[in-house]
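Participant: If you scroll down you'll find the structure; I have some questions about it.
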Amino acid sequence: GVAAAVDGERDPRCLLRALGAARGCGRAADTIGWGDAGAAAGLAAALSPYFPVSFVAPARNPHGVTAVGLREALRAALTAAPELASEALDLALECLRDTGASPDEIGEALTLAARAAEVCPEASLEATAEELMKAVAAVASMAPAPAAAAAQRLAARAWHRRVACARGLRIAARAATASP
């Protein structure tokens, strides 16, 4: 199905459409059910190789596909349903733990974690919140900007509450991408 359409897609135009289909599939499954217990994990597994997005638009880009558009479409697909958002949290955490991640990748991981925290089931968030906050603290502590330090303190205090956690992660994402 949709997972097969996404898996291995290389053409950015087709990938953008496949990510839209994955988002629609996740939203529909959230409403009517996944049917197969492994369907959400299968779709998340098909989406995960594209994170973080590493697309550079060619000089002549007649179709207008951008890295920002692909990032947003991937985030939307990975957070279209609570089951997918749980997988997205794990994906973001893996990227945050990667010591070789670039500032852009860290910012993308923080943004994905913030969006996923708004959608994922409370139990999934509680299971990963402490690890996420430790990873956020480690990333923020590497950035010299005062905003990153403030985000670290806010995120560390906020991990126990779902909405506050998402807000803290969004602030941390902004601080991380604003840091030199």
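Participant: Filter the trypsin sites (Lys or Arg not before Pro) in segment 54-84 down to the DSSP loop ones having no more than 13 other Cβ atoms within 10 Å, then list what survives.
Facilitator: ARG60
Participant: In the calculated pair distance distribution of segment 63-142, what percentage of Cα-Cα distances lie above 19 Å?
Facilitator: Across segment 63-142, Cα pairs with separations above 19 Å total 34 percent.
Participant: Any chance you could list the semi-axes, whole Å, largest first, of the equivalent ellipsoid that the Cα gyration tensor gives for segment 11-59, using √(5λ)?
Facilitator: Working from the Cα gyration tensor, I get semi-axes of 25, 12, 7 Å.
Participant: If the viscosity is 0.890 mPa s and the temperature 25 °C, what Stokes-Einstein diffusion coefficient in µm²/s follows for segment 1-152 when Rh is the Kirkwood radius over Cα pairs?
Facilitator: 153 µm²/s
Participant: Continuing with this model, one more query. With a 1.4 Å probe and all protein chains left in place, how much of the accessible area of segment 45-116 comes from carbon and sulfur atoms, in whole percent?
Facilitator: In segment 45-116, the share of accessible area belonging to carbon and sulfur is 52 percent.
Participant: Let's test the formula: R0 of 22 Å, r as the Cβ-Cβ distance of ILE32 and GLU126. What FRET efficiency results, to the nearest 0.05?
Facilitator: About 0.25, to the nearest 0.05.
The values are calculated or read from the model by the stated rules, or taken from the named source; none is laboratory data. Because the structure is predicted, anything quoted here is derived from the model rather than measured. Glycine also receives a Cβ, built like all others from the backbone with ideal geometry; neighbour counts cover every protein chain displayed. Each accessible area value is taken on the protein alone, full model and side chains, heavy atoms only, with ligands, DNA and RNA left out. Shrake-Rupley method; radii C 1.70, N 1.55, O 1.52, S 1.80 Å.
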